[in-house]
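The values are calculated or read from the model by the stated rules, or taken from the named source; none is laboratory data. The shown structure was predicted, so the numbers you read here are calculated from the model rather than taken from an experiment. Virtual Cβ from ideal backbone geometry, glycine too; neighbours counted across all protein chains shown. Just the protein is used for accessible areas: all its heavy atoms, side chains included, with ligands, DNA and RNA removed. Shrake-Rupley method; radii C 1.70, N 1.55, O 1.52, S 1.80 Å.
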Amino acid sequence: MAIISNCTASALSDAASALKAGNLVAFPTETVYGLGADASNQLAVARIYKVKGRPTDHPLIIHISSINNLDKWARDIPEYAIKLARKYWPGPMTLILPRTNLAKDFITGGQDNVGIRVPAHTVAQALLKAFESQGGYGVAAPSANRFGKVSPTCADDVKSELADYLSTDDLILDGGQAEVGVESTIIDCTNPTPVILRPGAITAAMINDLLGIKIETVLNNQTAQIKAPGLLESHYAPLAKVYLSGTPRSGDGFIALSNHPTPDGVIRLISPANNNEYAKTLYQGLRLADSKKLAKVFVIAPTGDDIAVAICDRLQKAAQKD
Ligand code: TXA
Ligand code: MG
């Protein structure tokens, strides 16, 4: 497994060829790093599950370079989904839509719908374009972490998560620190009105404003369980135990906005100035807790109806670990 730090056009064309040949390519997106495989290659996709240690009924998001390729993978696309796609793609948003024959059971976990995303990161865009120009249709990519763990937001984190599981011909593309830092907003577009299954940088308010309807957010209930099994369990979890209330003691880790002072003797992991910076650095902070071998991390969650909703969702799941 090689890390490619200079993502030139020719390096990306080689990476696209590696995907076409059935290898795995981890790549940056503006949310988190993904572990990519040719979405039409069953053996390559099977390796994603193996490398991640992920149950095979957890469906994968297919990444395409532009909205123009959407109808290859999705059919019966509602008008509101087209509006969302036109406004927020490329960007940190995944749409769940009825699938075409191209989206096989090995991608969708046997469901009749498929998750599609057009990422904005320049390296992701260039990789997808190169892949499509070599005859590929889309790149399946979950976050490039072991199952249940914290998503990687830089190439080194991908390496520390997956180096032991990747093969010689697999690649990691280094595109710097992910700008958003938490995973894409997932919107179920298989019903007459959209439903948010996973909050992200595209917020309910942004969707409401665009569509002129009040969008529902379904978290941790039956619907979410059937649609997106991965959204339920303990997830995004470091080895350290995460506490969303209580008082840290000397030697414990601490995560909060910068206006909260660090209690005496407590180890400050991140000190973001605002909610966007909080999202961008949260997973680094959780990883830092593990590299410092801390047993406990106390977190003061942010408030607001912006990306704070996504941060709180991930923190809840990180804190669910026994
Ligand atoms: O920001 C992101 O979305 C990143 C980057 C790499 O694109 N990807 C990502 O993928 O977070 P993953 O697999 O780690 O999380 C995707 C979640 C999973 O919980 C999965 O169950 C759900 O999306 N999902 C994928 N396809 C689905 C579908 N057809 N229906 C319902 N849920 C789906
Ligand atoms: Mg994930």
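Computed quantities for the displayed model
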item: Highest to lowest packing among 250-260, 208-218, scored as the average C-beta count within 10 Å; result: 250-260, 208-218
item: Residues Arg75 and Asp264, FRET efficiency given R0 of 45 Å [Cβ-Cβ distance, rounded to 0.05]; result: 0.15
item: Phi to ³J(HN,Hα) by Karplus 6.51 cos²θ - 1.76 cosθ + 1.60 over the range 285-297, Hz, x for Gly, Pro; result: x, 5, 5, 4, 4, 6, 5, 8, 6, 6, 8, 9, 10
item: Positive dipole terminus of the range 35-184, leading residue within Ile172, Gly36, Pro98 (C-beta point charges); result: Pro98
item: HN-Hα J in Hz across the range 250-259 - Karplus 6.51, -1.76, 1.60, θ = phi - 60°, x for Gly and Pro; result: 3, x, 7, x, 9, 10, 6, 4, 5, 6
item: Gain in span if fully extended, Ser133 to Ala9, counting 0.36 nm per residue against the direct Cα distance; result: 43.4 nm
item: Formal net charge of residues neighbouring Glu132 (Cβ-Cβ distance under 13 Å; K, R +1; D, E -1); result: +2
item: Distance between the range 1-34 and the range 141-180 - C-alpha centres, whole angstrom; result: 11 Å
item: The chain - accessible surface per residue (Å², probe 1.4 Å); result: 41 Å²
item: Alpha-carbon Debye profile of the chain, log10 I(q)/I(0) at 0.09 Å⁻¹; result: -0.43
item: Other-chain or far-sequence residues with amide H under 5 Å of Gly34's (modelled H); result: Phe27, Thr29, Ala144
item: Helix-only mean residue ellipticity at 222 nm for the chain, each DSSP H run of n ≥ 4 adding -39500 (n - 2.57), per residue, nearest 500; result: -9000 deg cm²/dmol
item: For Asn113, residues with placed amide H under 5 Å, excluding near neighbours; result: Arg99
item: Neighbourhood net charge (11 Å Cβ-Cβ; Lys/Arg +1, Asp/Glu -1) for Asn41; result: +2
item: Other-chain or far-sequence residues with amide H under 5 Å of Asp252's (modelled H); result: Ile267
item: Note, ³J(HN,Hα) from phi for the range 209-214, Karplus 6.51, -1.76, 1.60, rounded to Hz, x at Gly and Pro; result: 4, 5, 8, x, 10, 8
item: Carbon/sulfur fraction of accessible area - the chain, other protein chains in place, 1.4 Å, %; result: 50 percent
item: Helix 79-88 vs. the chain, principal-axis angle (Cα, 0 to 90°, nearest 10); result: 60 degrees
item: 18 Å Cα-Cα reach of Lys241 towards lysines, excluding residues that sit fewer than 8 places from it in its own chain; result: Lys149, Lys292, Lys293, Lys296, Lys317, Lys321
item: Sorted peptide list for 289-296, 154-161, criterion being average Cβ within 10 angstrom, highest first; result: 154-161, 289-296
item: Rounded tilt (10° steps) of 42-52 against the dominant C-alpha axis of the chain; result: 10 degrees
